[in-house]
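Notes follow once the structure below has been shown.
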Amino acid sequence: MRIDVVTIFPAFFDILDVSLLGKARGAGLLDVRIHDLRAHTHDRHRTVDDSPYGGGAGMVMKPEPWGDALDQIVERTDAGIRPTIIFPSPAGEVFTQTTARDLSTREHLVFGCGRYEGIDERVFAYAATRGDVRLISLGDYVLNGGEVAAMAMIEAIGRLVPGVVGNPESLVEESHEDGLLEYPSFTKPATWRGYDVPEVLLSGHHGRVAQWRHEQQIERTRARRPDLLPDTDRD
Ligand code: JAH
């Protein structure tokens, strides 16, 4: 999978080299490239923002550097394949494990990281001529820019690319993959500071263990995330 990121803060993405995904990059499974939006400016101050038409607080990202950056990325990378162009935005569709699974099947993702009050709206219309545009939110809160949201999405998507995570079974056994929260886990010692590991896990009875874990998943989901359960299972 090819991933391009456009940002005015390339340093945010330095940790990709040391994370779990760093290895996948070395192995050629993920080809992640970071692009400085300011490299696509032409004025002495490398300006990326300006005041909003119609007035209002804050600044808006100018369209021209975005147009040039998108042109360069799409032309250099795509032999006929249409990239999916993602703009992290609190005004977008909400990112879930289903979104991550869907995006993990794409050959080419481009992340456009906005700052300030946002990006000139015409950039989204232009981007749609070069790829499939998605505005995606991590949740109902506001960050200072799209970088941290893009990092979270890259990690969630990248680990679903075949070969990136060593044991594929660990991918299906985790929270959200079956629509329920994860069951509790324990390791040695069997007693620690007066707390015991549940008896059933020491029993060696695989059927009882599986049933107990499933009950725990349902109980925790009911307590913490009833919104994930069908209405009929809620109380
Ligand atoms: C804020 C550009 N839902 C997470 C999220 C994603 C993006 C942004 N905020 C929150 C954001 C300012 C400018 C993007």
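The values are calculated or read from the model by the stated rules, or taken from the named source; none is laboratory data. Here the structure is a predicted model, which is why all the values come from computation and not from measurement. All Cβ positions, glycine included, derive from the backbone under ideal geometry; neighbour counts span all protein chains shown. When the accessible area is computed, the model is the full protein with side chains, heavy atoms only, and any ligands, DNA or RNA have been set aside. Shrake-Rupley method; radii C 1.70, N 1.55, O 1.52, S 1.80 Å.
All of (1) part of a loop (DSSP other than H, G, I, E, B); (2) open to solvent by 80 Å² or more (accessible area, probe 1.4 Å); (3) closer than 21 Å to Phe95 by Cβ; (4) modelled with pLDDT of 95 or more hold for Ser185 with one exception: (3).
Matching residues to (1) open to solvent by 70 Å² or more (accessible area, probe 1.4 Å); (2) farther than 18 Å from Ala69 by Cα; (3) over 20 Å from the mean Cα position of the chain (by Cα); (4) not small (Gly, Ala, Ser):
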| position | (1), (2), (3), (4) |
| --- | --- |
| Asp4 | no, no, no, yes |
| Phe9 | yes, no, no, yes |
| Phe12 | yes, yes, no, yes |
| Ser19 | no, yes, no, no |
| Gly22 | no, yes, no, no |
| Leu29 | no, yes, no, yes |
| Val32 | no, no, no, yes |
| Thr41 | no, no, yes, yes |
| Arg46 | yes, no, yes, yes |
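Residues that are under 14 Å from Thr96 (Cβ atoms) and part of a helix (DSSP H, G or I) were ranked within region 150-166; the one that is farthest from the ligand (Cβ to nearest atom) is Ile157. The listed residues are Val110, Val142, Val123, and the only one of them that is open to solvent by 80 Å² or more (accessible area, probe 1.4 Å), within 16 Å of the ligand (Cβ to nearest atom) and either part of a loop (DSSP other than H, G, I, E, B) or not aromatic (Phe, Trp, Tyr) (or both) turns out to be Val142.
Within region 167-187, residues that are more than 12 Å from Gln97 (Cα to Cα) reach partners that are surrounded by 14 or more Cβ atoms within 10 Å (Cβ to Cβ) and aliphatic (A, V, I, L, M) with beta carbons closer than 7 Å, at six or more positions or on different chains, in the pairs Phe186/Val197; Phe186/Leu201.
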